[in-house]
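Q: First the structure, which I've put down as structure tokens, then a few questions once you've had a look.
What follows draws every value from the coordinates through simple rules; no lab data is involved. Since the model is a prediction, treat every value here as computed from it, not as a measurement. Cβ placement follows ideal geometry from the backbone for every residue including glycine, while neighbour counts extend to all protein chains displayed.
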Amino acid sequence: MSARTGFRVVGQSVRRTDALEKVTGRARYLSDLELPGMAHARLLRSPHAHARIVRVDVARARALPGVHAVLAASDLTFCDPAYGPALRDRPLLASEVVRYEGEPVVAVAADDEATAVEALDLVEVDYEELPAVTTLEDALAPGAPLVHTAEPLAGHFSDLSTLRAKPGTNICHQFDYGRGDVEAALAAAHLVLEETYTFPRIQHYSMEPHGAVARWDDEGGLTVWASTQNPFSVRAELAAMFALPASRIRIAVPLLGGGFGGKTYAKLEPIAAALARVARRPVRLLASVEDAFRTVRRCSARVTLRLGFLRDGRLDALACRADFDVGAYADIAPRVIQKGTYTATGPYRVSHVQLHSNAVYTNTTPGGAFRGFGVPQIVWGVESMMDIAAGRLERDPVDLRRQNLLAHGEEFAPGDTPVDGKLEESLGRLAEAIRWSDTVPPGRARGIAAMMKASVAPSVSEAIVRLHADGSANVLVSTVEMGQGARTVMAQIAAEVLALPLARVRIVPPDTSITPYDQTSSSSRSTTMVGRAVQEAAEDVVGQLRKIAAGKLGVAAGRLRVEDGAVVSGRTRLPYPDLLDHHFGMRGGELIGRGVVAPGRTAAPLGGSTPFWEVAMGGAEIALDEETGAISVEAYASVSDVGRCINPQQCAAQDEGAVMQGLGHTLLEEMVYEGGQLLNGDLVGYRVPRAGDLPPRLQTRFVENGDGAGPFGAKGVGEGGLIPVSPAVANALARLTGVRLRELPLTPERVWRALRERRQRDATDRTTGGPGDV
Amino acid sequence: MNVIPIRSSSEIRLTVNGRPVTLEVRPEALLLDVLRDRLQLKGARRSCDMQVCGACTVLVDGAPVSACTYLAVEADGREVLTVEGLADGDRLDPLQEAFIEHGAVQCGFCTAGMLLTAKALLAEEPSPSPARVAEYLRGNLCRCTGYRKILDAILACAAPGGGTR
């Protein structure tokens, strides 16, 4: 028992429950699954960004020995081939038109992968190229070619049933929010800044690419083993596609080799299911990393912001106009753009707000969810401008931010969830960690940034805890273990409440036919939402145990407590197996507890108040090689308000990983298109952070006031740490050199060019006596 | 791209995790596929397919190789060590212990490759500096951990006297 927290298992850095299987190679992922008679699938992808499909001839492929199924769009008469969580705008296989380079056109299942590849080589497709739009500028130009011409149907999210497309344009959804009078406030402001920031297309690169194995049973039911973060969304999609009741579909999820949002919502599962239906045998479809680049990515964005400050430093008005490039299909991007834009004011109190964002189709890989869910794109601009404002107002950047922070308990927006953390404490801890007040070593500079992010709402998580006759327990939840340590944390929560050793608690892997509903393993929500459901379900079991013991002992249940696998009353100890024996009159039977967390819809914008606020702040200390423009991050400090760390080591692991992923899009990563072709859709051309990119000093700190909405006062962590990285580094660069970059990533070339421009301008200013500008 | 199948195959003899193995393999067969599909050693993972990510790393005669681009026939007569061969029965290799202890494991997809690369490094240089470890891991990517805890785990297994940065 920890003296500090009063908890036994919670708050301890216990070993991950999956660590042993992972270090010994025994852990099983989707690609390890083999079923008898299983066929192997491959996809033929479009070579064009935008083209009409004139002819598809699969006859020779079908005739190849060893081929079990060849599907083109015209073969999909046995299902509804349209899918998509927000808009059902995506065909299972391209029909009539291809809308991005890499879009699946033909799918093959064969005895082995080599035969499948051979079969694809025998497929003939004739295309007639159409003009493509691959940038926001092109897609939004008057008279731009349209990526979609028909109006698609709404997907399965009720909160997006009010999707606002702009007919006749490439805008598939618009989001608006406002309060106060921004224009009047800006007109009256002491300082008004207006700037535009851009954020690139980023690839998740979870090391395990997407995959699915589908099998139909003799009764017409469908089982799909899938590397997905939300099996219930996949189930809903397949139920609609194949007109099956949910009860006839089973989605089972093995360990995931990373997700980062890229494995939310149906990806390869529909194609695998369709192939298996035709092949009349199980079909495995494994993506390569190159396929993953053509499956989903982070939405790029162009964000124009206007910030109005009062003379005393108060941020009084914020106007944001953001265009998000969502690629060829909407995926979950409509929700990304509204969630990301809605929190543009971040952790600050702003009276006058006007937000507008557009989800814009382009002929590129579809944009979807990615760690941060639209927030990094906005925070990149806002937090850069907070530093510019500090400079113009002659204020310290930490101080200016502190002045504008929302207070604990203050509503984020009228009617929305009050702030559930002490933001000032986070900022103070950050300043301390990055040594803000200490003298900066020569040739270096520091920069900071802050962010606040909403989790998904409305939101539902359910849990079942089964206490067996021997006093061990299974926890049934549909949380997907993708590396974040959710299974360990759920086991800790259950073990704490049940007063059992961790080893006596086992988390059952997600399977929609066994484990209860959970909306999604994303949005940093699992510890809070599923964790609370587990806590409730375990408490339900404890309540039953106490009732049984109370009956046996003839004392009030309220006077009994659980301790070390037994119900205790004074000096009497009743171990769980004995109580169950007593209850059932035999050794057998089990106690089942249930937990449901469903905050429901509220009047808050977007249909529900976030169950908690994810709060993270970051500080970078950088050095610069002026010859090459290369930035090196010498120190980075990340502070997250997590309410309480259920597992401190795994919280740190989340934020270390988040910071490094953030450094990726800050310094290195960008999916580059030219003429509609993705130029760097593999790991040779697309550079992710390596061990050598780790800052020599990387610290993660946590604010723990036990005030989170989750179990034991915990709340979410995992996305936040990534978000402040870009502006923190860019703010440091500006303080070091006076150069302000508004385009990511901050590549050596961009930095070098900006430095050269500044030098040339300085030289000109010196000769003409003109004013210098920073 | 047209694939011209080659139907011939040849016999290779190698040692895998200390046990002699004889296999008929096609000339284009990759070591990764032979390990995973023929020998059911699933610990080596397929990710980038182009020798960048290191998820498929195994040791051949003690040297780390990317099994995704290494022909099985090249392993003829050699000793292959996969992650399944790291532990001695139930006794884990110190690196495996350290990875667990330091929280260097998240999704686990990179873990086998990281462990084997680290094994090769420490065999070569028992006391590497932190910078040397980071440099040696340049061919092993991890997208979850941010590397901090992986480096800590490896350095914890280094013999005392390692240089500082």
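Q: Please give the peptides A:258-267, A:243-252, A:314-323, A:684-693 ranked by average Cβ packing (other Cβ atoms within 10 Å per residue), highest first, as a rough proxy for protection.
A: Going by the mean number of other Cβ atoms within 10 Å, highest first, we get A:258-267, A:314-323, A:684-693, A:243-252.
Q: Which of the listed residues, B:Tyr70, B:Gly85, B:Cys48, is farthest toward the dipole's positive end in chain B, when Lys, Arg count +1 and Asp, Glu count -1 at the beta-carbon?
A: Farthest towards the positive pole: B:Cys48.
Q: Next question, about the same structure. Do you know the relative contact order of region B:78-165, to the nearest whole percent, from alpha carbon pairs under 8 angstrom that are 6+ apart?
A: Over region B:78-165, the number comes to 38 percent.
Q: A further question on this structure: Sort the following peptides by mean Cβ neighbour count (other Cβ atoms within 10 Å, averaged over residues), highest first: A:219-230, A:714-725.
A: In decreasing order of mean packing, A:219-230, A:714-725 become A:714-725, A:219-230.
Q: Please work out the Cα convex hull volume for region A:72-223 and give it in Å³ per residue.
A: Expressed per residue, the convex hull around the Cα atoms of region A:72-223 is 214 Å³.
Q: Once Lys and Arg get +1 and Asp and Glu get -1 on their Cβ, which of A:His468, A:Val14, A:Thr515 lies farthest toward the positive end of the dipole of chain A?
A: Checking the options against the dipole of chain A, the answer is A:His468.
Q: Please report, in debye to the nearest 20, how large the charge dipole of region A:465-542 is about its Cα centre when each Lys and Arg carries +1 at its beta carbon and each Asp and Glu carries -1 there.
A: Roughly 140 debye for region A:465-542.
Q: Suppose each label sits 7 Å from its Cα in the direction of the beta carbon; what would the A:Thr162-A:Arg756 distance come out to in nanometres?
A: 5.1 nm
Q: Moving on to the next point. Output the direction-averaged projected area (hull surface divided by four) of the convex hull of the alpha-carbon atoms of chain B, in nm².
A: Average projection, Cα convex hull of chain B: 10.4 nm².
Q: On to the next question. Under the definition of partner shielding as Cβ atoms of other protein chains within 10 Å of a residue Cβ, what is the mean value for peptide A:195-206?
A: Across the residues of A:195-206, the mean count of other-chain Cβ atoms within 10 Å is 1.
Q: Please get the size of the charge dipole for chain A, origin at its Cα centre, with Cβ charges of +1 on Lys and Arg and -1 on Asp and Glu, quoted in debye to the nearest 20.
A: 1860 debye
Q: Related question: Using the 10 angstrom Cβ neighbour count as an exposure proxy, how do B:Glu79, A:Glu674 rank, fewest first?
A: Lowest count first: A:Glu674, B:Glu79.
Q: Then there is this: What are the membrane-span-like helices in chain A by this rule: whole DSSP H runs, Cα extent along the axis at least 30 Å, mean Kyte-Doolittle hydropathy at least -0.5?
A: Taking the DSSP H segments of chain A (at least 30 Å long, mean hydropathy at least -0.5), we get A:526-553.
Q: Shifting gears a bit: Could you state the number of Å between the C-alpha centres of region A:238-268 and region B:49-95?
A: 33 Å
Q: Can you put A:Trp380, A:Trp216 in order of Cβ neighbours within 10 angstrom, beginning with the fewest?
A: Lowest to highest Cβ neighbour count: A:Trp216, A:Trp380.
Q: Something else now. For A:Glu424 and A:Ala59, compute 0.36 nm times the residue count separating them, minus their Cα-Cα distance, and round to one decimal in nm.
A: Between A:Glu424 and A:Ala59, full extension yields 124.7 nm more.
Q: Only Cα pairs under 8 Å and at least 6 apart count here; give the relative contact order of region A:103-203 as a rounded whole percent.
A: Here the relative contact order equals 13 percent.
Q: Too long at a 31 Å Cα-Cα cut-off: which of A:Lys267/A:Lys339; A:Lys552/A:Lys715; A:Lys453/B:Lys42; A:Lys166/A:Lys453?
A: From A:Lys267/A:Lys339; A:Lys552/A:Lys715; A:Lys453/B:Lys42; A:Lys166/A:Lys453, over 31 Å: A:Lys552/A:Lys715; A:Lys453/B:Lys42.
Q: How would you order A:510-523, A:741-754 from highest to lowest mean count of nearby Cβ atoms within 10 Å?
A: Taking the mean over residues of other Cβ atoms within 10 Å, the ranking is A:510-523, A:741-754.
Q: When Rg is the radius of gyration of the Cα atoms in region B:94-157 and Rh is its Kirkwood radius, what does Rg/Rh come to?
A: Ratio of gyration radius to Kirkwood radius: 0.90.
Q: In a Debye calculation with equal point scatterers on the alpha-carbon sites of region B:1-86 and no solvent, what is log10 I(q)/I(0) at q = 0.11, 0.14, 0.17 Å⁻¹?
A: Values returned for q = 0.11, 0.14, 0.17 Å⁻¹ are -0.27, -0.44, -0.64.
Q: Take peptide A:252-261, look around each residue's Cβ out to 10 angstrom, count Cβ atoms belonging to other protein chains, and average those counts.
A: Across A:252-261, the average partner-chain Cβ count within 10 Å equals 3.
Q: Given an 8 Å cut-off on Cα distances and at least 6 residues of separation, report the relative contact order of region B:10-82 as a percent.
A: It rounds to 41 percent for region B:10-82.
Q: Now for a different question. How large is Rg/Rh for region A:383-499, to two decimals, with Cα atoms and a Kirkwood Rh?
A: Ratio of gyration radius to Kirkwood radius for region A:383-499: 1.16.
Q: Could I ask something else about it? Which value in deg cm²/dmol, rounded to the nearest 500, describes the helix-derived mean residue ellipticity at 222 nm for chain A, given -39,500 (n - 2.57) per DSSP H run of n ≥ 4 and division by the residue count?
A: -8000 deg cm²/dmol, from helical runs alone.
Q: Sticking with this one: Across peptide B:34-46, how many C-beta atoms of other chains are within 10 Å of each residue C-beta, on average?
A: 3
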